[in-house]
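The values are calculated or read from the model by the stated rules, or taken from the named source; none is laboratory data. From a predicted model like this one, the values you see are computed outputs, not experimental measurements. With ideal geometry, Cβ positions are generated from the backbone for all residues, glycine too; neighbour counts draw on all protein chains shown. With ligands, DNA and RNA removed, areas are computed over all heavy atoms of the protein, side chains included. Shrake-Rupley method; radii C 1.70, N 1.55, O 1.52, S 1.80 Å.
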Amino acid sequence: MTATSILPPRPGFADAASIDPARAAADRVAAAQDRAQFWTREAARIEWLRYPTRIEDTSFDLDDFRIRWFADGELNVAANCLDRHLATRGDKTAILFEPDDPNAAPRRISYRELHAEVGRAANALRALGIGKGDRVTIYLPMIPEAAIAMLACARIGAIHSVVFGGFSAESLAGRIADCQSKLVITADEGVRGGKRVALKANVDIAVAKRECACVETVLVVRRTGADVAMQSPRDRCWHDVLDGQDTVAPAERMNAEDPLFILYTSGSTGKPKGVLHTGGGYLVYASSTHRRVFDLREDDVFFCTADVGWVTGHSYVVYGPLANGATTLMFEGVPNYPDAGRFWDVVDRHRVSIFYTAPTAIRALMREGETPVQSRSRASLRLLGSV
């Protein structure tokens, strides 16, 4: 197969899609002719506390630059990802967690269980003095607590800033200082490819810097059980703080243009830049693209291999799938541990039907040849996607 080869879908594949070529073409025409009307209709994908009437307000004039969507709408992003699914999908698996160790037991979290955990976390954050507009840095491995922390922040109106767990203490410190986080959520250690990552130790180095004096509290998730330094009263155990909290937490009423999260660029071309995403337009687009592009169906198991430290992980591990009531798979490991067939082992183990990865991963696996792929069944796969 050459780099320009096109592999056609099997017969009947496109015919069974929820959006056929004619519908896709009609939608493109509709969006081009009347963008406001098109996105008014798309906004109905999510649940609003106040349905927006001001759809698009944009200007690319440098003297009056603005990008605003659904500006008079009101909603809560976490409630959209959890509460509205409880009546019909309460017992459905929301998060399917595959640990780094292939011999460790996976974890299934239903929408009802996830709602309760997010409620506990939201109440814990409020008890620690975190409220609407406060910034919270999340420096965690790819474990369910990362999604729980993100959703808890969204529930109370705090702005989360997720930092990739592979970044150094210096990189973490710069991001904490830039957004002036009051609270950091981390783990004792991360586990990646069978190796441990000293997350709490990195946080200690970062928070000790003068520019990070804004941090009042560090919450530590027990991931490996490692003995890590805990500085009282600043450092608290995540599990102890959540224990005893009510599972019901009121969802903050948010304007569509209120900030949802800050995500920093990698810094490979200079100082990392914080990109601010607001709630309304982001959630409409994430849920719309997730459902349309991946032809989402009720019984799908959706596996996006991205880390939540990147925007792809935000949109297609957490917010897009959960807004759509899907089952999303969180994978803690790497594609070549314990061998180059790990992705396909995960696919077979959990009957994954939609698999979404990146060219970087694909190129790395291509070096290993076709044997790791062909030696696994992969029969559950219906649709493949690449970033």
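Some values worked out for this structure:
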| read-out | value |
| --- | --- |
| Pairs, first over 18 Å from R223 (Cβ atoms) in segment 159-178, second open to solvent by less than 10 Å² (accessible area, probe 1.4 Å) and of a type in the set (S, T, N, Q), C-beta under 7 Å, six or more apart | S161/T137; S161/S181; R175/T137; R175/S161; I176/T137 |
| Test: residue in segment 180-191 that is more than 13 Å from I262 (Cα to Cα) and basic (K, R) | yes |
| From I143, I159, residue being touching an Asp or Glu at 6+ places or on another chain (Cβ under 8 Å) and open to solvent by 10 Å² or more (accessible area, probe 1.4 Å) | I159 |
| Subset of segment 286-303 (residues that are of a type outside the set (A, V, I, L, M) and in contact (Cβ under 8 Å) with a residue 60 or more places away in the chain) | S287, S288, R291, R292, F294, D295, R297, D300 |
| Any hit, segment 335-350, residues being of a type in the set (S, T, N, Q), within 22 Å of V197 (Cα to Cα) and not in a helix (DSSP H, G or I) | yes |
| Considering residues of segment 104-115 that are buried (at least 18 other Cβ atoms within 10 Å of the Cβ) and among the aliphatic types (A, V, I, L, M) only, the residue farthest from R349 (Cα to Cα) | L114 |
| Boolean, R376 is of a type in the set (K, R), over 18 Å from I95 (Cα atoms) and either part of a strand (DSSP E or B) or open to solvent by 40 Å² or more (accessible area, probe 1.4 Å) (or both) | yes |
| Residue list for segment 184-201, filter: over 18 Å from the mean Cα position of the chain (by Cα), of a type outside the set (D, E, K, R) and under 19 Å from L219 (Cα atoms) | V191, V197, A198, L199, A201 |
| Test: residue in segment 201-217 that is part of a loop (DSSP other than H, G, I, E, B), buried (at least 19 other Cβ atoms within 10 Å of the Cβ) and aliphatic (A, V, I, L, M) | yes |
| Search result, residues across segment 159-177 that are of a type in the set (A, V, I, L, M) and farther than 27 Å from G131 by Cβ | A169 |
| A36 being outside any loop (DSSP other than H, G, I, E, B), closer than 21 Å to G279 by Cα and either modelled with pLDDT of 95 or more or not acidic (D, E) (or both) | yes |
| Which listed residue is of a type in the set (D, E, K, R) and surrounded by fewer than 20 Cβ atoms within 10 Å (Cβ to Cβ), from D178, D188 | D178 |
| Whichever residue in segment 330-366 is basic (K, R) and at pLDDT 95 or above and, among such residues, is most open to solvent (accessible area, probe 1.4 Å) | R351 |
| Pair list, Cβ < 8 Å and 6+ apart or interchain, from segment 260-274 residues that are more than 12 Å from G309 (Cβ to Cβ) and touching a residue at least 24 places away in the same chain (Cβ under 8 Å) to residues that are open to solvent by 30 Å² or more (accessible area, probe 1.4 Å) and among the aliphatic types (A, V, I, L, M) | I262/V275; I262/L276 |
| Residue among R135, R126 that alone is within 18 Å of the chain's Cα centre (by Cα) and of a type in the set (K, R) | R135 |
| Search result, residues across segment 23-61 that are open to solvent by 90 Å² or more (accessible area, probe 1.4 Å), under 23 Å from R84 (Cα atoms) and polar (S, T, N, Q) | T53 |
| Pairs, first more than 22 Å from H160 (Cα to Cα) and of a type outside the set (V, I, T) in segment 65-88, second part of a helix (DSSP H, G or I) and open to solvent by less than 60 Å² (accessible area, probe 1.4 Å), C-beta under 7 Å, six or more apart | H85/Y111; L86/Y111; L86/H115 |
